[in-house]
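The values are calculated or read from the model by the stated rules, or taken from the named source; none is laboratory data. What you see is a predicted model, and the numbers here were worked out from it, not measured in a lab. As a convention, Cβ positions derive from the backbone with ideal geometry for all residues, glycine included, and neighbour counts pool all protein chains shown. All accessible areas refer to the heavy atoms of the entire protein, side chains included, with ligands and DNA or RNA removed. Shrake-Rupley method; radii C 1.70, N 1.55, O 1.52, S 1.80 Å.
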There are 4 protein chains.
Amino acid sequence: MSRLTHDTISGVFPPMLTPFTESGEVDYDSFVTNLHFWNDAELSGYLVLGSNSETAYLTEEEKLQLTALTKEHAKKGRIILAGTGLESTRDTVRFTRLAAMKGADAALVLTPFYYSELMNDAVLINHFTRIADNSDIPILIYNVTKFTHVNISVNAVHILSQHPNIIGMKDSSGNVAQLEQFKSAAGNNYAVVNGTAAVWYPALTIGIRAGILALANCTPNECSLIQKYYCDGELEKSRALYEQLLPLNKAITFQFGVPGLKYAATLLGYKGGYPRSPLLPLGEADRKMINSIISSAGLR
Amino acid sequence: MSRLTHDTISGVFPPMLTPFTESGEVDYDSFVTNLHFWNDAELSGYLVLGSNSETAYLTEEEKLQLTALTKEHAKKGRIILAGTGLESTRDTVRFTRLAAMKGADAALVLTPFYYSELMNDAVLINHFTRIADNSDIPILIYNVTKFTHVNISVNAVHILSQHPNIIGMKDSSGNVAQLEQFKSAAGNNYAVVNGTAAVWYPALTIGIRAGILALANCTPNECSLIQKYYCDGELEKSRALYEQLLPLNKAITFQFGVPGLKYAATLLGYKGGYPRSPLLPLGEADRKMINSIISSAGLR
Amino acid sequence: MSRLTHDTISGVFPPMLTPFTESGEVDYDSFVTNLHFWNDAELSGYLVLGSNSETAYLTEEEKLQLTALTKEHAKKGRIILAGTGLESTRDTVRFTRLAAMKGADAALVLTPFYYSELMNDAVLINHFTRIADNSDIPILIYNVTKFTHVNISVNAVHILSQHPNIIGMKDSSGNVAQLEQFKSAAGNNYAVVNGTAAVWYPALTIGIRAGILALANCTPNECSLIQKYYCDGELEKSRALYEQLLPLNKAITFQFGVPGLKYAATLLGYKGGYPRSPLLPLGEADRKMINSIISSAGLR
Amino acid sequence: MSRLTHDTISGVFPPMLTPFTESGEVDYDSFVTNLHFWNDAELSGYLVLGSNSETAYLTEEEKLQLTALTKEHAKKGRIILAGTGLESTRDTVRFTRLAAMKGADAALVLTPFYYSELMNDAVLINHFTRIADNSDIPILIYNVTKFTHVNISVNAVHILSQHPNIIGMKDSSGNVAQLEQFKSAAGNNYAVVNGTAAVWYPALTIGIRAGILALANCTPNECSLIQKYYCDGELEKSRALYEQLLPLNKAITFQFGVPGLKYAATLLGYKGGYPRSPLLPLGEADRKMINSIISSAGLR
């Protein structure tokens, strides 16, 4: 694939879940199986090593292996994004290079967050600039306040968007007004990607053109169809489908998190696998609830 | 006006600011002057005694006088909503009756919030049910987490929406996914009103039909035009106008609050007046910033 | 009583609960009965109209009647503090005067909080200065972030402590380092009163000399004995008693709030009465838990 | 050293800062120099790889090298604690073993936190139990909500304290009531260590016997003297010294964080070095403020 640009980032990407065995090993076979399922679905590409991939629990070797497998098995022409953010600037530079060598088309770089209150504009601008300066592949900023307790400012996005090697961002806030502000501040050479199905339809209506959606692990075609309907001017069908998916999305993001996502994916035919400890598999009552949500939504 | 129903609540309503003199008296003349200006604008009605009215700083006598003046001077056919929520259930029942006698068509009732952590579903359901049972005019729930630190649950809204005298709610969260959930949970006989211009266009796209918007104090016609364009299918024009207004909206809500709203209203030809103490008027630097935002947005 | 000064504010004060009848009327007789019980206990004075008094749910007439009854029935020589804070500066000035006329020795003035994000140093300094300038009785600042979501700054306390009519503050944060900072910043002519039994012993160890403690409604003598032991140099006995009371304190403040406080007070021989709506009485399971906590702590 | 037990954990430990060169390399020489300075001070031991060590920015190789150097250079008889917590259970088990091999006497294990809302009692109990089961050296739980946004419950501490290989915890909340609850819940075979100088004196008064204090990097003898005075019954001297140190502690923890700590350490004769990117060194104005705080406190 030639160098990725902001305008080629459109459509739906699953932040791919990582199946583990019961004893906690990465189940690479199941990962590849899922990838082939997703290859058959309407998707624009893949995010490997996202928040829903339990990346925080993966070793570097595992991360690189998953990236290489994604490159090997992804349908030709699909975009491969890799989550490469680490806490230190130098380590992120180093790992971004490794991910690029394994085939990532662009790196999605998490805001550092351990000292969340110190992550002001100067710190974040310096961090992302140094990473972008030292990366062969383009960079997207990853803003996910729910996990990091850091929320990058509109002003920092404005400044960083002018860097030729920073081509966009993923914002998972679900705050549509903020998505709009990022988009306005960044200008035209920058892709603002919506990071949650909770606002997928509203995000489309304000001109967002891509979504990295946990829900796309489970219902990729439906996520893409919302966008297709929207682009075809069938607004009511788009919105109706979006509304139909909301209860499941709420369950796998807000209520139950990754263990919920994995169980829902399993119910819908994917290889969800076990979460890695400290995460625990869902209990019986929670599994019943997800079962019931999927049935009520007519997704099975 | 005949009894207000959920389906007649559509369009834009300003939560009317209350002008004060420099010494802190309510400036009723200026209030009436504004009302006449707004009568000439494209609006569906008025909210008297909202958060932007500095209601927390008004005496009961002042509140009733403002309600009566609204009834007297509002253009015929326009809906008059009055904010009647107080901390105790019994006091809210009593004051809602008084507001109805002064001409309010419906009461917007704030969630009680002093003991915010105790405001669970049982408490809120009991509170709003008792108020609705005892009110001659219909009730709308007012959910404004920014000020109350209470966020009514989707479940409580679901239950309360079945009360024949609770015809809707105003949600000022700016959380479009939550607006959608309230709408889905409440069913068809219930109006979910968007409470912030920050998501006015996205709210329209998910089927919201009314907005009580602080910004409508300053730019009522523009706020209404966003909705008109949307309903006429001119989506791009609707969205463009929405985006044009965002910076001013951010300034008068998030950044500067009511003193910012009042200064912006003054710049745009209304009688903003002074805020009441403890609020202080904007300083010179902040005034300049609002001036500049209004100029940049081409609103003058 | 001669004019209250900072150094006379020492010892334990209950923020007196307000008993209501099942139908929601203030039960003045029970209030007076409690007052006589407390007169027989080791206490320095009383706070009428505090957070635990459900003041947010009282009418002005009820508030003044409770203040007058406190003056009439309080044991001679005990200090009467009245919570007089309202949202607007002018209304607080007016009501503070009324409370003084009914017999309050000093006014405890809540930080205004509806527009919590606007309550910066300039706003709070102006507010409290105007109130202190216009009050015949001395003023104490009341900082209770849990309910107000406002936390007055050390700097604002430093400046306000220099006003001759501001003689101290109540801080209910339970943050001992902050209590220490307020004390250091304010200097010697200012009483920093601890507002929660959660840190009563640690507060004594840093030199705090007074506590307005919800728990003192239920166990006034024990609360005072902690201080007596401490002042007599019997540190281990002081700390042991403090630790013995912590589980009950946690239940009546964090877990169950005012309805829990009222039920515990009833169990311990006081007239707890009903809470006023929207607050609901405790359910069966919660009552059992409080019963069990009181038994385990050996308080009965 | 023979196996560490809960009762041997007493006194003051600096969470040792990690000096970096301007280009961002670990400056091991300066680290060793500091260690020798601290060997000459009144300290009970050292924490290597704490929050103030910028551990989040260190590679595994650097972490092990720092642990080995601590073992090599620490004065005989002093306790060596190493921060070994990582996000996944298995990785924490693995790294704890490596740290033990390099000489750590006990491991301080951070609560995992990326999916902070999923870190409930069951998850944390399972995580720490598995780590303690698989570690040759004893484990202390590390609770630091400011950075992790996770706050372990009193109940989880109660259960985990019964594990024979979990000998205590560090709580950095500065919440004295919570320290007291952890202590009461855990019983006698468990050391609750205070993690912030903000409440060092109050913590001593409730029976806490150890402190891992950022401030002990800069003023180790003073931190220890507070405890010595306290244990000698010289309470007023203890408290006065505690109060004297508070402004500097506030600056290096709340206001300026690690870059502030490093600058203060430099001013006081230690090798503070540079922070590692993304952290930035303090600007001129902030340096002046710290200079002034140190002078005002009479620490130079």
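Before moving on, here are some points about what is shown:
- When the pairs C:K170/C:K237; A:K183/A:K237; A:K183/B:K63 are compared against a 32 Å limit on Cα-Cα distance, A:K183/B:K63 fall above it.
- On the principal axes of its alpha carbon atoms, the stretch A:224-300 extends 45, 22, 21 Å, with the longest extent given first.
- Label point 7 Å beyond Cα along the C-beta direction, distances from B:D286 to other copies (nm, shortest first): 2.7, 3.9, 4.5
- The stretch D:1-126: antiparallel DSSP beta bridges as a percent of all, rounded to 5: 10
- Per-residue mean of foreign Cβ neighbours for B:122-130 is 2 (Cβ atoms of other chains, 10 Å radius).
- Radius 12 Å from Cβ of C:G195, net charge of other residues (Lys, Arg +1; Asp, Glu -1): +1
- For chain D: relative contact order, % (alpha-carbon pairs under 8 angstrom, 6 or more apart): 19
- Karplus (6.51, -1.76, 1.60) ³J(HN,Hα), θ = phi - 60°, over the stretch B:184-189, in Hz, Gly and Pro reported as x: 5, 6, 8, x, 7, 9
- Averaged over residues, the count of other Cβ atoms within 10 Å places the peptides B:207-215, B:164-172 in the sequence B:207-215, B:164-172, highest first.
- Taking the inverse of the mean 1/r over every pair of distinct Cα atoms in the stretch D:147-189 gives a Kirkwood hydrodynamic radius of 10.8 Å.
- Amide H contacts of A:I166: A:I139, each under 5 Å away and 5 or more positions distant or on a separate chain (H built 1.01 Å from N in the peptide plane; Pro and chain starts excluded).
- With helices as the sole contributors, chain A gives -13500 deg cm²/dmol at 222 nm; each DSSP H run of n ≥ 4 counts as -39500 (n - 2.57), and the sum is divided by every residue.
- Stokes-Einstein diffusion coefficient of the stretch A:92-165, Kirkwood radius over Cα pairs, 4 °C, 1.567 mPa s, in µm²/s: 103
- 3J(HN,Hα) along the stretch A:126-142: 4, 4, 5, 5, 5, 5, 5, 4, 10, 10, 6, 9, x, 10, 10, 7, 10 Hz, from the Karplus curve 6.51 cos²θ - 1.76 cosθ + 1.60 with θ = phi - 60°, whole Hz, x for Gly and Pro.
- DSSP bridge pairs, chain A: antiparallel proportion in percent, nearest 5: 5
- Remark: C-alpha extents of the stretch A:183-248 on the principal axes read 32, 25, 16 Å, sorted largest to smallest.
- D by Stokes-Einstein for the stretch C:27-113, Kirkwood Rh over Cα pairs, 25 °C, 0.890 mPa s: 188 µm²/s.
- Position C:N189, label points 7 Å along Cα→Cβ, spacing to each other copy in nm (shortest first, one decimal): 5.8, 6.4, 6.6
- Antiparallel %, DSSP beta bridges [both residues in the protein assembly as shown], to 5: 5
- Dimensions in Å of the stretch A:160-285 - Rg and Dmax from alpha carbons: 16.1, 50
- Nonlocal amide H pairs with C:Y142, under 5 Å, H built at 1.01 Å: C:V109, C:L110, C:T111, C:K170
- Calculated label separations, D:E22, copies of the chain, 7 Å along the beta-carbon direction, nm: 5.6, 5.9, 8.1
- Charge tally in the Cβ shell below 12 Å around C:Y274, where Lys, Arg are +1 and Asp, Glu are -1, C:Y274 excluded: -1
- Distances between placed amide hydrogens fall under 5 Å for C:G83 paired with C:V48, C:L49, C:G50, C:L108, all partners being 5 or more residues away or on another chain.
- Inter-probe distance in nm under a simple model that places probes 7 Å from Cα toward Cβ, at C:K76 and C:R300: 3.7
- Karplus-derived 3J(HN,Hα), 6.51/-1.76/1.60, for each residue of the stretch C:195-208, Hz, glycine and proline x: x, 8, 5, 4, 10, 4, 5, x, 5, 4, 5, 9, x, 5
- Using alpha carbons only, the radius of gyration of chain A set against its Kirkwood radius gives Rg/Rh = 0.94.
- Where C meets B: accessible area buried, both sides, 1.4 Å probe, Å²: 3300
- Over all orientations, the stretch A:61-199 has a Cα convex hull whose mean projected area works out to 8.3 square nanometres.
- Values of log10 I(q)/I(0) for the protein assembly as shown across q = 0.06, 0.07, 0.08, 0.09 Å⁻¹ run -0.53, -0.74, -0.99, -1.28, by the Debye formula with one identical scatterer at each alpha carbon and no solvent.
- Charge tally for B:K75 (other residues, Cβ to Cβ under 12 Å; Lys, Arg +1; Asp, Glu -1): 0.
- C:K183 sits with roughly 50 Å² accessible to a 1.4 Å probe, with DNA, RNA and ligands left out of the calculation.
- Counting Cβ atoms of other protein chains within 10 Å of each Cβ in D:172-182 and taking the mean gives 5.
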